[in-house]
Amino acid sequence: MRPYCGIDFGTSNSGVCVGLGDQLRLVPIEGEATTLPSAIFFNTETGRTQFGRVAMSEYLEGYEGRLMRALKSVLGTTLFKETTQIGAGRKSFHTIIGLYIAHLKQTAEAFAGHKIEDVVLGRPVHFVDDNPEADQQAENELRAIAEAQGFRNIRFEYEPLAAARDFQSRLEGAATILVVDIGGGTSDFSVMRLTSVKADILANVGVHIGGTNFDKALSLATAMPDMGFRSLMSNGNDMPGLYYHQLSTWHLINQLYTQKTLLGAKELHYLAQRRNLVGRLLKVLEGRYGHDIAARIEAAKITLSSEDTAHLDYSHIEKGWTSDIDRTGLIEATTRDVSKIILTAEQALSKAGLMPHEVDTLFLTGGSTALPGFETALKAAFPSASLNYGDRFASVVQGLGLAAQAEFAA
C-alpha cells in the first residue's frame with residue numbers, strides 16, 4: 001500500500017492528514033500541534049529558514065531577516081510572477097511557497113515513515129474573485145509548486161466540499177446543508193443534500209474575504225488612527241491612506257520597507273496637522289514594526305472571541321503607546337466584511353435554487369467563524385437552520401484526507 005495525504009494550505013494556518021489504506025491520521029506538524037501558521041522566516045543572522053510559530057517567534061524576538069505570511073494570497077496575482085528581496089539575493093514566490101509546501105510534505109513523510117507522492121490539495125472556490133482565468137492560473141501555480149516538491153498524483157477539492165466530507169462521515173439520516181468555511185483569506189460555501197453514503201452538490205460559491213480582512217479592518221479602526229490615519233494635513237486635506245492600508249495587510253507590509261517609502265512618509269510628517277501621530281508611523285517604518293503590530297492586532301481579535309476587551313501595548317515602539325479594544329469595536333469594524341460574507345452565503349442558496357427555510361443545517365468550519373458577531377448575523381439570515389460546528393482548524397484537512405482516501409486507496 002502507498003501512503004497518501006490531504007493538504008490544507010491555508011492563508012493563516014495549514015494542516016496535513018496522512019493515510020495508509022483505510023487509516024487516516026492528522027500529522028503533528030509543530031510539536032504536538034496539528035496546525036502550522038502559514039509563516040516563513042528567512043533568518044539572515046543564523047542562515048536558517050523557519051516555519052510556523054518558530055518563524056513568528058524569531059521575527060518578533062528581533063532577529064534580522066524576512067518574515068512572510070499569507071503567501072496563498074499571491075497565487076493568481078501579478079505579484080506571483082515577481083521576485084522579492086531575501087537577504088542579499090532575491091527569490092521567486094514559486095520558490096518561497098515551494099519551501100513551505102516542501103516542509104509540510106517532509107514532515108508528513110517523517111510521520112508516515114514513507115515517501116508520499118499522492119495528494120489532494122484543498123483550494124477555495126475562488127482564489128481570485130470574478131476572474132476565471134486568474135483563478136485557474138492560481139490552481140495551475142499551486143499544482144506546479146506541488147509537482148516541484150515531488151508530488152506526482154495531484155488532485156484538488158474545494159475546501160467546503162472537504163469539510164462536508166468530514167460532516168458526512170458522522171451523519172445519521174439526511175440533511176440539506178450549507179457548509180460555511182471562513183478561513184484566513186476566503187469565505188467559501190457549498191450547498192448539498194447529504195446522506196451517510198451519498199452527496200448531491202447543489203452549488204459552490206466563494207468570496208475573497210476572510211480572517212486577514214478582519215485583521216485589516218480592526219487595524220484600520222485602531223492602530224492606524226494612532227499613527228495619523230484619517231487625520232488632516234496642514235492644507236485641510238485628508239492624510240493619504242495608502243501606507244496605512246498596506247501596513248494593515250500582511251503580504252504587503254514588506255513593500256513599505258524602502259527608502260522611497262520613508263522619504264514619502266517624512267514628507268507627510270512635515271505636512272501633517274497631527275505630527276505627533278504621523279511621527280509614530282515613521283518610527284514603525286524605520287524600525288520595521290509592521291508585522292509586530294499586525295500580529296498584536298490578530299492576537300487581539302482572537303482574544304475578543306472569548307473576552308470582552310483586549311489590551312494592546314506598543315510601548316516598545318513609543319513609550320506610553322497603548323490602547324484597549326472591546327468586542328463592540330471589533331464587531332463595528334468588521335460589519336461591512338461580514339455583510340458581504342452573508343450576502344455570498346445567500347447567493348449560494350439562490351444558485352442552488354433553494355430558499356433559506358429549506359436549509360436545515362449550517363455546518364461551520366474555519367478559524368474565522370469565531371469572529372464576534374458572525375454567528376448572530378448568520379442565524380439572522382438562516383433562522384430555520386440548526387448550527388453545527390466542525391473542528392474549526394481540522395474539518396477541512398480531515399475531509400481532504402477522506403478525499404485522498406477515496407481517490408488513492410481503492
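For residue 406 and residue 339, the FRET efficiency from 1/(1 + (r/R0)^6), where r spans their Cβ atoms and R0 equals 41 Å, is about 0.65. Scalar couplings 3J(HN,Hα) for the stretch 158-166, obtained by applying the Karplus form with A = 6.51, B = -1.76, C = 1.60 to θ = phi - 60°, are 4, 4, x, 5, 5, 4, 5, 4, 4 Hz; x denotes Gly and Pro. Separation of the stretch 99-120 from the stretch 128-146 is 22 Å, based on Cα centroids. Shown is the FRET efficiency for residue 115 and residue 283, computed with R0 = 60 Å from the Cβ-Cβ distance and rounded to the nearest 0.05: 0.75. Take the alpha carbon atoms of the stretch 294-362, find their center, do the same for the stretch 12-73, and report the distance between the two centers in whole angstrom. One Cα centre to the other: 24 Å. One chain, two ends: residue 313 and residue 1. Fully extended at 0.36 nm per residue, the span grows by 107.0 nm beyond their Cα-Cα distance. Between residue 193 and residue 129, the contour length at 0.36 nm per residue exceeds the Cα-Cα span by 20.5 nm.
Kindly provide the helix-only [θ] at 222 nm of the chain, computed as the sum of -39,500 (n - 2.57) over DSSP H runs of four or more divided by all residues, to the nearest 500 deg cm²/dmol? Numbers along the way, then the final one.
Details: 12 runs with 161 residues, N = 410.
When only DSSP H runs of four or more count, the value is -12500 deg cm²/dmol.
Backbone amide hydrogens, once placed in the peptide plane, bring residue 274 within less than 5 Å of 232, excluding anything fewer than 5 places away on its chain.
Less than 11 Å Cβ to Cβ from residue 257, Lys/Arg counted +1 and Asp/Glu -1: what total charge do the surrounding residues give? Counting the neighbours of residue 257, the net charge comes to +2. Extension gain for residue 267-residue 61 works out to 71.1 nm (0.36 nm per residue, less the C-alpha to C-alpha distance). The modelled label-to-label distance for the pair residue 172/residue 322, using points 7 Å beyond Cα in the direction of Cβ, is 5.2 nm.
Close amide H pairs (under 5 Å, H built 1.01 Å from N) link residue 389 with 364, residues at least 5 positions away or on another chain.
As a footprinting exposure proxy, order 407, 82, 172 by other Cβ within 10 Å, with the fewest listed first.
172, 82, 407
The 3J(HN,Hα) values that the Karplus relation (6.51, -1.76, 1.60; θ = phi - 60°) gives for the stretch 389-406 are, in residue order, 9, x, 5, 4, 10, 10, 4, 5, 5, 5, x, 5, x, 5, 5, 5, 4, 5 Hz. Gly and Pro appear as x. Computed across the stretch 212-331, the Kirkwood radius stands at 14.5 Å (inverse of mean 1/r, all Cα pairs). Any chance you could check the Cα centroid distance between the stretch 374-389 and the stretch 158-192 for me, in angstrom? Going from one Cα centre to the other spans 14 Å.
Here, each number is a calculation from the coordinates, and none is a lab measurement. None of the values given here were measured: they were computed from a predicted structure. Heads up, the Cβs are rebuilt from the backbone with ideal geometry, glycines too, and the neighbour counts pull from every protein chain shown.
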